[in-house]
Structure formats: structure tokens, C-alpha cells
Amino acid sequence: MTTPVSASTTDAEPHPDDPGFRPGLLSRLAAEAFGALFLVVGGLGVPLFTLPQSNPLPAALAGGLAVTAAMLAVGYVSGGHFNPAITLGNLVAGRIRAGHAAAYVGAQLAGAAAGALALFGVLRTIPNIPDTRAAFDTVTAGFGEHSVIQASMAGVLLAEVLGAALLVAVFLGTTARRNVHAAAAPFAVGLSLAVLLQFGQAIGNAPFNPARATASALFSNSWSLEQLWLFWIAPLVGAAIAGLVFRGFSGSTAGKAATGTEDGVDVTDSEGPDSGEEATEETVTGTSDSGTSDTDISDSHTPDRDTPDSKAPGRSASAEARPASAPDEARDFFDGPGRQ
């Protein structure tokens, strides 16, 4: 007797609130653009409009809180990068495809530029600020004479490399699938960025984010574009270092992963390209809300799934022995849009 097919196994489109729902690339790009815009509005807007006699919220803390809020709001859609350095770190770590990473960077630049443009428009309406570009100079990344403490190019470059490496390391570590505290990732990343922004503020308004540095440079005086190269090269180098180190640590578990499981979780090819961004077109074992295993659910919706007694003829014993895991448990927290 054939078991009736449940609603979750029909060919109907999944609801956006369903755990198995995977947003398309355009949705992920829109989320990245929104997050980058929010980061620029919060990170640059607070210091731009802070009165000297009143400073209720430090600029560094505002930038960190903006990251936390954006990750909580749309991180489940795109992964919550909002920063080309973090995207590169995920690419080097094998969590995202190169083509999608390039699209992410484009969306981040567009969102950051839109946020800076909005701030520029607001500044133009204030009569007490006659030179809007000079006002943007105060929050734009720079070195030498454009640094508060006159930091040299080498000092700012080293600070950007170090800060970006630490930020990307925190992101990769807290969003790793095997991290039991992954739900705290937005707070860890936001607080880390707040500390780093406070560290980089006097050195040269170091943002550790090429998209934010580009957005502020577009609306500052010409010197900012001449120095912008440093705030791209340095954070990307730091991000690549962090991604390589993280990938090396992940590779150290290859021996355990050879059996297909590690600590009760299927980790085969867990750090392969795009493993944290999109689900592969494979059959995965569904798990009900009560924790009991249901029938196998395939993206291809083959008829065999309607009969629980049917099994693939070539299925190995090791595959049958793997513990059941929900589809959202097969992707890294925040790197997989299906993970809630």
C-alpha cells in the first residue's frame, strides 16, 4: 500500500518561510546590497552627524551594531557578508563559487554607494556645512597627512591586513557548521567589527571593508581616490590569509571525513566549493519537527519516494548508516540560505 505523499514532498513551490526554501541569486544580491547600504548609513552617518558636545553613540559601536542588525535581518538570505573581504574569505575557504562571489562584490559596492549618496544628499541640505566633500573627508579612509595621527602608508596597510584577517577569521569560525554557538554569529561579528573600527579610527579611519572605503571616497575630495588602492589590497590580503588558514584547519579533519561522518554529522565534501551557499541537487534525508526521520526527499521529485519500502539498487551500506539530518543542517549557518 502506497503511503500518501505529504504536503512537504509535493512539487509545489516551497514557502519562503520553509526551512528548505533557497532564495535565488537575485534575492541574495539584493540582501547583500541592503546590508552594505545599512553599514554605510550607520557607520558613516553617525560620525558625520554627531555634534561635538554630544556623542551618545560612538561611531565604532554604531558600525558594529549595524552589522549585527543587518546579519539578523537578511543574513539567512545571502550569508550576511556585506563586505568584499568577507566574501573573498568565503571564496578561499571554499564556501562560495567564484562567479557568485564576484556578483556579491558588485552588489555590495552598489549598496554602499547608494548609502553614501543618501548621506551626501542630506549633507547638502544643511546650511551650516558649506563644503560637503570636506565633511566626507573626516570619515574617509586615508594615510599620511590624511590620518588623524599621521600614520604612514606602511602602518595603515599593516593595520588593514591584520584587522581584515581577524574579522574574516571571526566570521568563518562563528558561522562554521560544527560551531554549536553559530546562532551568536551576528553578535560576534558585530562586536569584533566595533572593536576593530575603534582600533582603526585614529590610524586612518580604517574600515576593513573595501566597499565602505569606496563609497566614502566617491564623495570626498580627490586625494581619497588616489589612496583608495590601499584599502582594497590590504583587506583582501588579510581575508585571503584568514581563508587559507581556515581551509587548512578544515582540511585537518579529512581523515575523519573519509568515513562520511564526524561527530555524528555528515561532513563529506563539507568545505567544497559553494557548500555554504547553495544546496546540491542530491537526495537528502528529511527530518520531521519531532526529530523522527521521514521518507527521503529529492529535489528531482522522483516517484520512488512515495513508497517508503523502495530503495535505490546501488545504494551502499555506509550511505544507509548515515544519521538523518534536516536539509538545513547540511549547510553552514548564515552561509546557507536554507538555514534558519
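Can you tell me which residues in region 134-145 are surrounded by 15 or more Cβ atoms within 10 Å (Cβ to Cβ), part of a helix (DSSP H, G or I) and out of contact with any Phe, Trp or Tyr (no Cβ under 6 Å at 6 or more places or on another chain)? Working first, answer last.
Going through region 134-145, the residues surrounded by 15 or more Cβ atoms within 10 Å (Cβ to Cβ) turn out to be 135-137, 139-143.
Next cut, part of a helix (DSSP H, G or I) only: 135-137.
Within region 134-145, Ala135, Asp137 qualify.
Just to be sure before I move on: is Ser54 out of contact with any helix residue (DSSP H, G or I) (no Cβ under 8 Å at 6 or more places or on another chain) and at pLDDT below 95 in the structure I sent? So Ser54 fits the description; yes. Any residue in region 62-87 that's within 15 Å of Ala183 (Cβ to Cβ): show its pairings with residues that are part of a helix (DSSP H, G or I) at Cβ separation under 6 Å, as long as the two are six or more apart or on different chains. If the second residue must be part of a helix (DSSP H, G or I), the pairs left are Thr68/Pro186; Thr68/Phe187; Thr68/Gly190; Met71/Pro186; Leu72/Pro186; Gly80/Met71.
In region 30-51, of all residues being modelled with pLDDT under 95 and either open to solvent by 60 Å² or more (accessible area, probe 1.4 Å) or in contact with a Pro (Cβ under 6 Å, 6 or more places away or on another chain) (or both), the one that is nearest to Pro207 (Cα to Cα) corresponds to Phe49. Out of the residues in region 93-110 that are in contact (Cβ under 8 Å) with a residue 24 or more places away in the chain and under 17 Å from Asn209 (Cα atoms), which is surrounded by the fewest Cβ atoms within 10 Å (Cβ to Cβ)? Only one residue tops the list, namely Gly106.
The values are calculated or read from the model by the stated rules, or taken from the named source; none is laboratory data. Only a predicted model underlies this, so the values are computations on that prediction, with no experimental measurement involved. Positions of Cβ are backbone-derived with ideal geometry, glycine not excepted, and every protein chain shown enters the neighbour counts. All accessible areas refer to the heavy atoms of the entire protein, side chains included, with ligands and DNA or RNA removed. Shrake-Rupley method; radii C 1.70, N 1.55, O 1.52, S 1.80 Å.
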